[in-house]
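Chemist: This is the structure I have questions about; it appears just below.
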Amino acid sequence: MKSMTGDQIRQTWLDFFASKGHMIEPGASLIPHNDPTLLWINSGVAALKKYFDGSEKPRSKRIVNAQKSIRTNDIENVGMTARHHTFFEMLGNFSIGDYFRQEAIEWGFELLTSPKWFGFHLDQLYMTVHPTDDATRKIWMNLGVKEDHIIDCEGNFWEIGEGPCGPNTEIFVDRGDQFDPNKLDLQMLQNDIENDRYIEIWNIVFSQFNSKSGLLRDQYPELPQKNIDTGAGLERLACVLQGVETNFETDLFYPIILATAQHAKVPYEGNAKHSYRVIADHVRTCTFALADGALFSNEGRGYVLRRLLRRAIRHGRKLGIESAILDELVQVCADTMKGFYPYLLDRVEHIRRLIRAEEARFQRTLQSGEQLLMEYLSEIKTNQLPGDLAFKLYDTYGFPLELTMEIAQEQKFHVDVEGFAKEMEAQKQRARSARSEEQSMARQSADLLQFTIPSAFLYEPQPQMATIIGLFVNGKQVEILEEEGDVILDHTIFYAESGGQVADRGVMHVQGLTIPVLDVKKAPNHQHLHRIDPQGLSLQPGDEVMLEVDQSLRSRTMRHHSAAHLLQQALREVLGTHIEQAGSYVDDERLRFDFTHFEKIKREQLEAIERRVNQIIDQGLPASIEVMSLEAAKSKGAIALFGEKYGEEVRVVEFGDYSMELCGGCHVANTKDIGVFVIDFEESISSGVRRIQASCGIHGYEIMKKREAIAESAAKSLGALSISEIDDRLHSLQKQYEQVKSELSILKQRFAKTKASELYATADQSRGYPLVLSVLSDFDKESFSQLAEELRIKNDAIVVFLINQTPERISLIAAAGPQQVKQGLHCGKLVKMAAEKVGGSGGGRPELAQAGGKQADNIPDAIHFVLNYLKKE
């Protein structure tokens, strides 16, 4: 067999099947499009379902691909075995109603054994077949495979419920006796025993039957169109062809492991290999998933990524890596994979920023959460951590349940997973109860679903006549409308709410009366539903109405919609091309634009974005709107909304050569029509998603005037003669403040030392060491902490317990000298238990800890507890 790099293996696979007439299908994004059944693309065929189920016809019946995949159903096994990964590449060749068993096996044999391709020696290869699949067995034997290299396996039948199914043949490589310490030989294949000698590298499925409930397999009918579905793991092939012990020593992983070792205190050997491998695997997964548009969050894909990153961080700590280094490994991963995935290099900085932010977030919570978990484990009397405590760690500290289980297992505990699940469900129920239920929309009725008479929408809003073709009340079709309901017309100039743009307002003139149009929405079959109140009239199908849109409202809405397009392009220019639209809303007063971004936008960036939009407005770029095929629009470079379903024809909106998007909304004819663009605010609306709200025209002017009034009021309060002097006045006041703050800090330190000396002089020495126990009042937080620290350093054997009362709350501090800590006194435990007496909580280090409480009447109980506790100690 040849020695080949990962890139060479992948390219050899694609080149071979291309030579057999296969169309090379580009690998799909890891994030499934329009497939709610999948969290991730998890196999080579998953991205091709549209071809296999007939919803889309491929350009070729023969397809070959190299597909990125993520599977997270057995994360705990990653690094424990030689071949478990969360991210991997599946090489596949597929026939959709074209070739079948004969060609699939012959080509598999050629690719594996020919010196031109992979060059395996035939004696290295073993094949498994279903016991009834004599056809496959015969083909292998005709190609020269020895009979004792073909193993019957009852499990070689691919079937997942009703539908296409069939037998499969798996191809294994024998790596030799050195990987068979128990000398089990072929028993491992015959009995399907997990092993490191016989490595499965390829699975070929012959999809030839139609599984039906109630039938035995030998009764399944043949499919009219037979398919071939195969999968070969790139990482496994690399392991065998590169002659290394596990997949992790291949050139697909090992550079990441070597880079990790530069920061670790433990070499890549023995038990430490597990942690190295977890880090390498999880960094690869996060790099590719984030590059494809995923984000860290507390649910769905984002939760999977957060869980993986946090596991990697924790395994880094096992290797002695205390600093955040995972973002550095992203560059290593991108450099390793750039041969086939060059786009990773363009997204490295974006991915590193996301990981840096997530690492920082977790580092802030990991120490306190893990410490709390250890406290829980030290206090419970059984070997099971209650589910409510595990849920508290998840809900309050962001600890994934799996991480809690790992730590608990290391300490010889297990977790009440059922109790955790009950707490999680209770929280979901509380969230559901807190949400108001939306009323059913009238357009969800059976009558509306069955109403298919077409209706046209005209973008130009000039008043014109239209004819009523349908009338509905609460979704039920009626012949006469005499109450508030919905009207469908043969054509309309009223824009229906969609794409983030609000509906038009206006009136209908009918039978001499003017009726306001209250709202416009789309019916299931895309007609526009005009909500009206007939005001005493009786309307019937066939009646003619004069339509009149509120032109001023439409114009202001168009300004905001067009500005939203310019804003998206400005965001991509200033913040980076990783920006993806995550939602929008435009009406006559404002625009809201939601987008993916990993951090708060800096003030200077926000100013640059606002300035850039106004520059484009000032350039007076003309709008160009054209309907074209989706493929033509993509080729032209039009920006599409991520995950949106588009038809074969789309509407492309361009402003000069600056902005080009797919959009069905209403827009200005020239950017100058927008007027002024003013950002009102920027905020986070969820993890990794931010929002900008802005206004144009008169509403933008009003925002500026409000800011001007605030600035003038501030100038007056500061004693400045004009707005331009505010900065100078603030700078002067800031200097004065810093000086006073510094002087106050010195005074507090002096006061703390003086007070500490007073309290130390009254210390109780009856226990053989000084005990300072005192109740104080109205100390601020800084002075209270300084006082405890000053007392703690006065004597190596001192014990300090202070209670501070303020009108708002009760504060507690426990401190101990080195001798007391050495003898086992833990201030964190002491203050935590004392705080419970006053209705509070807290904790901290053995030598110094703080807590808070609310029940001042119970202070004597807390003091009594402390005295008794110290007696026991």
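The values are calculated or read from the model by the stated rules, or taken from the named source; none is laboratory data. What you see is a predicted model; the values in this text were computed from it and never measured. When we count neighbours, we look across all protein chains shown, and the Cβ atoms used for this are built from the backbone with ideal geometry, even at glycine.
Chemist: If you go through the range 521-553, how many residues are farther than 12 Å from Leu471 by Cα, touching an Asp or Glu at 6+ places or on another chain (Cβ under 9 Å) and part of a strand (DSSP E or B)?
Modeler: 3
Chemist: Val283: assigned to a helix (DSSP H, G or I) and modelled with pLDDT under 95, yes or no?
Modeler: no
Chemist: Go through the range 612-635 and give me each residue that's modelled with pLDDT under 90 and among the basic types (Lys, Arg).
Modeler: Lys634, the sole residue that qualifies.
Chemist: Filter the range 368-388 for residues that are assigned to a helix (DSSP H, G or I) and touching a strand residue (DSSP E or B) at 6+ places or on another chain (Cβ under 9 Å) and give the result.
Modeler: Result: Ser368, Gln371, Leu372, Leu373, Glu375, Tyr376, Leu377, Gly387.
Chemist: A further question on this structure: Please work out if Gln569 is buried (at least 19 other Cβ atoms within 10 Å of the Cβ), closer than 30 Å to Ile579 by Cβ and assigned by TED's automatic domain parsing to the domain that holds His667. Show your work before the answer.
Modeler: Details: buried (at least 19 other Cβ atoms within 10 Å of the Cβ): yes; closer than 30 Å to Ile579 by Cβ: yes; assigned by TED's automatic domain parsing to the domain that holds His667: yes.
Yes; evaluated as a whole, the condition is true for this residue.
Chemist: Also, I was wondering about something else. Just give me the residues in the range 46-63 being assigned to a loop (DSSP other than H, G, I, E, B) and at pLDDT 85 or above, in sequence order.
Modeler: Matches in the range 46-63: Ser60, Lys61.
Chemist: Here is a check on your reading of the model: is Ile616 touching a Phe, Trp or Tyr at 6+ places or on another chain (Cβ under 9 Å), part of a loop (DSSP other than H, G, I, E, B) and closer than 21 Å to Phe655 by Cβ?
Modeler: For Ile616, the condition - touching a Phe, Trp or Tyr at 6+ places or on another chain (Cβ under 9 Å), part of a loop (DSSP other than H, G, I, E, B) and closer than 21 Å to Phe655 by Cβ - is not met.
Chemist: Additional query: Hey, among Leu345, Leu309, which residue is outside any loop (DSSP other than H, G, I, E, B) and surrounded by fewer than 16 Cβ atoms within 10 Å (Cβ to Cβ)?
Modeler: On the way: Leu309 fails: surrounded by fewer than 16 Cβ atoms within 10 Å (Cβ to Cβ).
None of the other options fit; the residue is Leu345.
Chemist: If you take the residues in the range 454-466 that are part of a strand (DSSP E or B) and either in contact with a Ser or Thr (Cβ under 9 Å, 6 or more places away or on another chain) or without any contact (Cβ under 8 Å) to a residue 12 or more places away in the chain (or both), which one is surrounded by the fewest Cβ atoms within 10 Å (Cβ to Cβ)?
Modeler: Within the range 454-466, the match that is surrounded by the fewest Cβ atoms within 10 Å (Cβ to Cβ) is Ala456.
Chemist: Still on this structure: Please go through (1) closer than 29 Å to Gln219 by Cβ; (2) assigned to a strand (DSSP E or B); (3) not acidic (Asp, Glu) for Phe172 and return the number of the only condition it doesn't satisfy.
Modeler: Here Phe172 clears every test but (1).
Chemist: Starting from the range 826-850, take each residue that is within 14 Å of Asp861 (Cα to Cα) and list its partners that are surrounded by fewer than 19 Cβ atoms within 10 Å (Cβ to Cβ) and aliphatic (A, V, I, L, M), counting only C-beta distances under 9 angstrom and pairs at least six apart or across chains.
Modeler: Leu830/Leu870; Ala834/Ile863; Lys837/Ile859; Lys837/Ile863; Val838/Ala856; Val838/Ile859
Chemist: Condition first: of a type in the set (A, V, I, L, M, F, W, C), without any contact (Cβ under 8 Å) to a residue 60 or more places away in the chain, more than 30 Å from Leu401 (Cβ to Cβ) and surrounded by fewer than 17 Cβ atoms within 10 Å (Cβ to Cβ). Can you find one or more residues in the range 23-41 that meet it?
Modeler: Within the range 23-41, one or more residues are of a type in the set (A, V, I, L, M, F, W, C), without any contact (Cβ under 8 Å) to a residue 60 or more places away in the chain, more than 30 Å from Leu401 (Cβ to Cβ) and surrounded by fewer than 17 Cβ atoms within 10 Å (Cβ to Cβ).
Chemist: Which one is nearest to Glu358 (Cα to Cα) among residues in the range 318-333 that are free of Cβ contacts under 8 Å to residues at least 40 places away in the same chain and part of a helix (DSSP H, G or I)?
Modeler: Applying the filter and picking the extreme gives Asp327.
Chemist: Checking Ala104 against (1) under 22 Å from Arg197 (Cβ atoms); (2) touching a residue at least 40 places away in the same chain (Cβ under 8 Å); (3) not in a strand (DSSP E or B), only one condition comes out false. Which one?
Modeler: Just one mismatch for Ala104, condition (1).
Chemist: Is it true that some residue in the range 383-405 is modelled with pLDDT of 80 or more, polar (S, T, N, Q) and surrounded by fewer than 18 Cβ atoms within 10 Å (Cβ to Cβ)?
Modeler: Yes, there is a match, as at least one residue in the range 383-405 is modelled with pLDDT of 80 or more, polar (S, T, N, Q) and surrounded by fewer than 18 Cβ atoms within 10 Å (Cβ to Cβ).
Chemist: Condition first: in contact (Cβ under 8 Å) with a residue 24 or more places away in the chain and either polar (S, T, N, Q) or surrounded by 14 or more Cβ atoms within 10 Å (Cβ to Cβ) (or both). Can you find one or more residues in the range 760-767 that meet it?
Modeler: Here is the first cut: in the range 760-767, the residues in contact (Cβ under 8 Å) with a residue 24 or more places away in the chain are 760, 763, 767.
Then keep just the ones that are either polar (S, T, N, Q) or surrounded by 14 or more Cβ atoms within 10 Å (Cβ to Cβ) (or both); that gives 760, 763.
Checked the range 760-767: at least one residue is in contact (Cβ under 8 Å) with a residue 24 or more places away in the chain and either polar (S, T, N, Q) or surrounded by 14 or more Cβ atoms within 10 Å (Cβ to Cβ) (or both).
Chemist: Restrict the check to the range 758-765 and report whether at least one residue is under 51 Å from the mean Cα position of the chain (by Cα), among the small types (Gly, Ala, Ser) and at pLDDT 90 or above.
Modeler: No - not one qualifying residue is present in the range 758-765.
Chemist: So His561 passes all but one of these: (1) in contact with an Asp or Glu (Cβ under 6 Å, 6 or more places away or on another chain); (2) not assigned by TED's automatic domain parsing to the domain that holds Leu489. Which condition number does it fail?
Modeler: Checking His561 against (1) in contact with an Asp or Glu (Cβ under 6 Å, 6 or more places away or on another chain); (2) not assigned by TED's automatic domain parsing to the domain that holds Leu489, the one that fails is (1).
Chemist: What number of residues in the range 9-22 are of a type outside the set (Gly, Ala, Ser) and free of Cβ contacts under 8 Å to residues at least 12 places away in the same chain?
Modeler: Looking only at that region, the number is 1.
Chemist: If you don't mind, there's one more thing I want to ask. Those residues that are charged (D, E, K, R) and more than 28 Å from Glu460 (Cα to Cα), I need them from the range 661-684; list them, please.
Modeler: Scanning the range 661-684 gives Asp680, Glu682, Glu683.
Chemist: Any idea which residue in the range 64-100 is surrounded by the fewest Cβ atoms within 10 Å (Cβ to Cβ), counting only those that are over 21 Å from Ile24 (Cβ atoms) and small (Gly, Ala, Ser)?
Modeler: Filtering the range 64-100 for residues that are over 21 Å from Ile24 (Cβ atoms) and small (Gly, Ala, Ser), the one surrounded by the fewest Cβ atoms within 10 Å (Cβ to Cβ) comes out as Ala82.
Chemist: Would you mention how many residues in the range 781-814 are closer than 14 Å to Lys748 by Cα and surrounded by 13 or more Cβ atoms within 10 Å (Cβ to Cβ)?
Modeler: As a first pass, look at the range 781-814 and keep what is closer than 14 Å to Lys748 by Cα: 781-790.
Now narrow it down to the ones that are surrounded by 13 or more Cβ atoms within 10 Å (Cβ to Cβ): 782-790.
Matching residues across the range 781-814 total 9.
Chemist: Now a separate question. Name every residue in the range 373-390 that is out of contact with any Ser or Thr (no Cβ under 8 Å at 6 or more places or on another chain) and not acidic (Asp, Glu), in order of residue number. I'd like the intermediate steps shown before the answer.
Modeler: Filtering the range 373-390 down to residues out of contact with any Ser or Thr (no Cβ under 8 Å at 6 or more places or on another chain) leaves 374-384, 386-389.
Within the range 373-390, Met374, Tyr376, Leu377, Ser378, Ile380, Lys381, Thr382, Asn383, Gln384, Pro386, Gly387, Leu389 qualify.
Chemist: Same structure, new question: Can you find a residue in the range 594-603 that is polar (S, T, N, Q) and surrounded by fewer than 18 Cβ atoms within 10 Å (Cβ to Cβ)?
Modeler: no
Chemist: Arg690 fails exactly one of the following numbered conditions: (1) touching a Leu at 6+ places or on another chain (Cβ under 6 Å); (2) closer than 19 Å to Thr596 by Cβ; (3) buried (at least 20 other Cβ atoms within 10 Å of the Cβ); (4) not acidic (Asp, Glu). What is the number of that condition?
Modeler: Checking Arg690 against (1) touching a Leu at 6+ places or on another chain (Cβ under 6 Å); (2) closer than 19 Å to Thr596 by Cβ; (3) buried (at least 20 other Cβ atoms within 10 Å of the Cβ); (4) not acidic (Asp, Glu), the one that fails is (1).
Chemist: Of the conditions (1) more than 30 Å from Glu358 (Cα to Cα); (2) among the β-branched types (Val, Ile, Thr); (3) within 25 Å of the chain's Cα centre (by Cα), Ile692 clears all except one; give me its number.
Modeler: (1)
Chemist: Next question. Can you tell which of Ile480, Ile469, Ile493 is outside the structural domain of Arg559 (by TED's automatic domain parsing), more than 41 Å from the chain's Cα centre (by Cα) and surrounded by 14 or more Cβ atoms within 10 Å (Cβ to Cβ)?
Modeler: Testing whether each residue is outside the structural domain of Arg559 (by TED's automatic domain parsing), more than 41 Å from the chain's Cα centre (by Cα) and surrounded by 14 or more Cβ atoms within 10 Å (Cβ to Cβ) leaves just Ile469.
Chemist: I would also like to ask the following. Given the structure, is Glu654 surrounded by 14 or more Cβ atoms within 10 Å (Cβ to Cβ), of a type outside the set (Phe, Trp, Tyr), under 21 Å from Asp673 (Cβ atoms) and free of Cβ contacts under 8 Å to residues at least 60 places away in the same chain? It would help to see each step written out before you state the result.
Modeler: Details: surrounded by 14 or more Cβ atoms within 10 Å (Cβ to Cβ): yes; of a type outside the set (Phe, Trp, Tyr): yes; under 21 Å from Asp673 (Cβ atoms): yes; free of Cβ contacts under 8 Å to residues at least 60 places away in the same chain: yes.
The answer is yes for Glu654.
Chemist: Could you check, for the range 271-279, whether at least one of its residues is β-branched (Val, Ile, Thr), part of a loop (DSSP other than H, G, I, E, B) and not assigned by TED's automatic domain parsing to the domain that holds Lys68?
Modeler: No, that holds for no residue.
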